[in-house]
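S.K.: Here it is, the structure, as structure tokens.
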Amino acid sequence: MDFKGIFLFYNKNDLLRLFLILLLFTILVFSSSQFNFKFVDNASALSCSNVPISKVTDNGNDGHLPSNVLDNNFNTRWADVDIGSWIRADFGSTKKNICNVNIAWYKGNERQYSFVIATSTDGVTFTTKLSTKSSGTTLNSEKYSIPLTNARYVKVTVNGNTVNKAASITELDIFSSSDKFGILKLYSTKSGGEQWFMDMNNPLGDSRFNPQNTITKNPDGSWKMKSTQVRMAVYTSTGYDQDDIPTLDHSQIASKGYMLAPNDWRNFEMTQYVKVNTSPNDDNFSPNGRGGRHTGDGTQRGCEGSSMKGDVFFSGKVRFAKEQWHVSYVFTSLKSATGSIEDKWVGIKFVVYNFQENGKTVVKTQLWLDKSNNGMFVKVDENVDRGGWGTEGGFCNGAPDQRITWGGPITTFRWDTATDVDFKYLSVREIAPPSQ
């Protein structure tokens with residue numbers, strides 16, 4: 001049938017309906033993919049690093065001991081003679097977010113091994129994460145990726161090989177995307193970059209941490225804040241002295257890329273675990289950075305108070321804020337990320353980084369939540385400041401819609417109105433920014 005025949009077969013109303021159906025289908029597919037990418041995806045490009053194994057055990061061996069898999073020597077090995085032989089790695093007292101397991105097999109270039117990788121938090125109940133075979137082509141370590149898993153133990157069970165029933169491994173390495181608290185790292189730490197982790201035993205002994213209010217230790221090792229205006233500051237290793245800031249002219253600061261020193265917090269990942277026990281109304285946690293102290297008003301002191309902020313409301317809504325100066329805000333639209341976060345532990349990650357787009361530096365902000373306090377973070381909001389957001393940047397001699405691309409000497413864990421909040425595992429890391 002030619003095109004003329006097609007148009008004769010369908011009347012105009014049929015063609016309109018067909019067009020609308022195709023258009024709706026296209027919109028649904030596109031919006032669905034966008035939704036999954038932007039707001040609910042788990043971290044897919046994780047910062048994985050080799051983690052120390054506290055000890056290894058097995059369910060039997062032929063004299064080739066399990067400790068041999070940790071000696072960085074391909075000429076030694078763990079081995080056992082039966083199908084179902086296993087070796088188990090233990091990370092000690094902390095859990096790790098496991099992303100892959102590397103195994104070097106004895107005579108791995110001559111035989112294929114069948115095996116299962118399983119993980120556990122308690123050493124008793126194990127969950128299978130991967131069941132597969134080795135390549136049979138190399139003596140070197142082979143990388144086996146598994147779904148991101150928060151675990152203390154990793155067990156490799158070997159079900160024979162293509163030559164015999166034996167299990168034999170020369171080297172075992174396990175990779176995690178966890179920080180020193182065992183918490184997921186979304187992005188790689190910048191090489192030689194700034195890092196700060198809360199001293200859970202004595203946070204007040206740390207000169208880089210300034211809670212600015214009284215905190216008390218809870219029986220479970222977490223800490224309590226009862227102030228209704230909280231501004232817990234974290235400085236870089238340079239420290240902070242307001243009088244050392246050479247200029248508050250935003251055009252000059254943008255040109256240099258920092259406010260106080262080259263190692264100012266610019267591209268960073270902030271993490272906090274918090275529990276709202278009592279709050280008279282729906283305020284928010286608002287981790288922030290890319291500025292200094294937020295005191296005074298207007299020029300010049302107010303120009304020190306630039307910031308990018310990620311707001312997580314106690315009701316579960318989220319948004320971003322840009323503070324062009326203290327006090328001048330613009331906000332993104334509120335989104336419902338989860339239900340109420342009151343009366344339970346929840347993890348919050350706020351990420352800020354620059355990237356190049358069409359020859360221009362733009363600023364991305366992200367909010368991630370560990371809603372169930374199980375170590376698994378989900379992205380709940382994301383925004384890119386390409387300009388056109390805000391109109392008052394000229395007050396500090398920047399562009400009216402000035403993008404806050406520079407680093408600042410202070411990052412701040414901030415909230416208001418809540419009269420009783422528990423917190424733990426605060427950290428700030430300078431990250432190697434992605435390219436988009």
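S.K.: Just add up the charged neighbours of G123: K/R +1, D/E -1, any other residue whose Cβ is under 10 Å from the Cβ of G123.
M.R.: My count for the surroundings of G123 gives +1.
S.K.: Quick check: the angle from helix 12-38's long axis to the longest principal axis of the chain, C-alpha only, nearest 10 degrees?
M.R.: The angle comes out near 80 degrees.
S.K.: So, counting K/R as plus one and D/E as minus one, what does the shell of residues with Cβ under 10 Å around W265 add up to?
M.R.: 0
S.K.: Can you tell me the Rg and Dmax of the range 269-359, counting just the alpha carbons, in angstroms?
M.R.: Here Rg and the maximum Cα pair distance are 14.8, 47 Å.
S.K.: A further question follows. Can you give the net charge of the other residues whose Cβ lies under 15 Å from the Cβ of D206, counting K and R as +1 and D and E as -1?
M.R.: The answer is +2.
S.K.: Once fully extended, how much extra length lies between Q300 and K180, figured as 0.36 nm per residue of separation less the alpha-carbon to alpha-carbon distance?
M.R.: 39.3 nm
S.K.: How high is the relative contact order of the range 285-361, given as a whole-number percent (alpha carbon pairs under 8 Å, six or more residues apart)?
M.R.: Rounded, it is 24 percent for the range 285-361.
S.K.: Something else: When the Cα atoms of the range 195-430 are enclosed in a convex hull and the volume is divided per residue, what value in Å³ results?
M.R.: For the range 195-430, the hull spanned by Cα atoms encloses 119 Å³ per residue.
S.K.: Starting from a Cα-only point model with no solvent, please compute log10 I(q)/I(0) by Debye for the chain at q = 0.08, 0.13, 0.14 1/Å.
M.R.: -0.58, -1.09, -1.19
S.K.: Something else: Quote the charge dipole size of the chain about the Cα centre in Debye, to the nearest 20; the model charges only the Cβ of Lys and Arg (+1) and of Asp and Glu (-1).
M.R.: With only Lys, Arg, Asp and Glu charged at Cβ, the dipole is about 780 debye.
S.K.: Dimensions of the range 49-176 along principal axes (Cα, Å, largest first)?
M.R.: Its Cα atoms span 37, 27, 26 Å along the three principal axes.
S.K.: While we're on this one: What number, in percent, do you get for the relative contact order of the chain if the mean sequence gap of Cα pairs under 8 Å and at least 6 apart is divided by its residue count?
M.R.: 17
S.K.: Something else about it: With label points built 7 Å along Cα→Cβ from the Cα atoms of D71 and N59, find their separation and express it in nm.
M.R.: Between D71 and N59, the simple spin-label model gives 2.5 nm.
S.K.: From the phi of every residue in the range 429-436, what ³J(HN,Hα) in whole Hz does the Karplus formula 6.51 cos²θ - 1.76 cosθ + 1.60 yield, where θ is phi - 60° and glycine or proline is x?
M.R.: 10, 7, 9, 7, x, x, 7, 7
S.K.: If you don't mind, another one. Once fully extended, how much extra length lies between T128 and Y329, figured as 0.36 nm per residue of separation less the alpha-carbon to alpha-carbon distance?
M.R.: Between T128 and Y329, full extension yields an extra 67.5 nm.
S.K.: Between T338 and A432, how many nm apart are label points set 7 Å from Cα along the C-beta direction?
M.R.: Taking the two extended label points, one gets 3.0 nm.
S.K.: Taking just the alpha-carbon atoms of the range 315-361, what radius of gyration and Dmax come out, in angstrom?
M.R.: Spelled out, the Cα radius of gyration and Dmax of the range 315-361 are 14.8, 46 Å.
S.K.: Report D for the range 362-436 in µm² per second (integer): Stokes-Einstein, Kirkwood Rh on Cα pairs, 25 °C, 0.890 mPa s.
M.R.: The Stokes-Einstein estimate is 155 µm²/s.
S.K.: For the range 217-323, count the residues as N, evaluate 2.2 N^0.38 Å, and divide the Cα radius of gyration by that value, please.
M.R.: Against the compact-globule rule of thumb, the ratio is 1.23.
S.K.: Let me ask something else. What is the pair-distance distribution P(r) of the range 282-412, computed from all Cα-Cα distances in 5 Å bins starting at 0, with each bin given as a whole percent?
M.R.: Over the range 282-412, the share of Cα pairs per 5 Å bin runs 2, 11, 19, 22, 18, 14, 9, 4, 1, 0 percent.
S.K.: A follow-up question, please. Before rounding to the nearest 500, sum -39500 (n - 2.57) across all DSSP H runs of length at least 4 in the chain and divide by the residue total; then give [θ] at 222 nm in deg cm²/dmol.
M.R.: -3000 deg cm²/dmol
No lab work stands behind these numbers, since they all come straight from the coordinates. Values in this document were obtained by computation on a predicted structure and should not be read as measured data. Because the Cβ atoms are built from the backbone with ideal geometry, glycine has one as well, and the counts that use them run over all protein chains shown.
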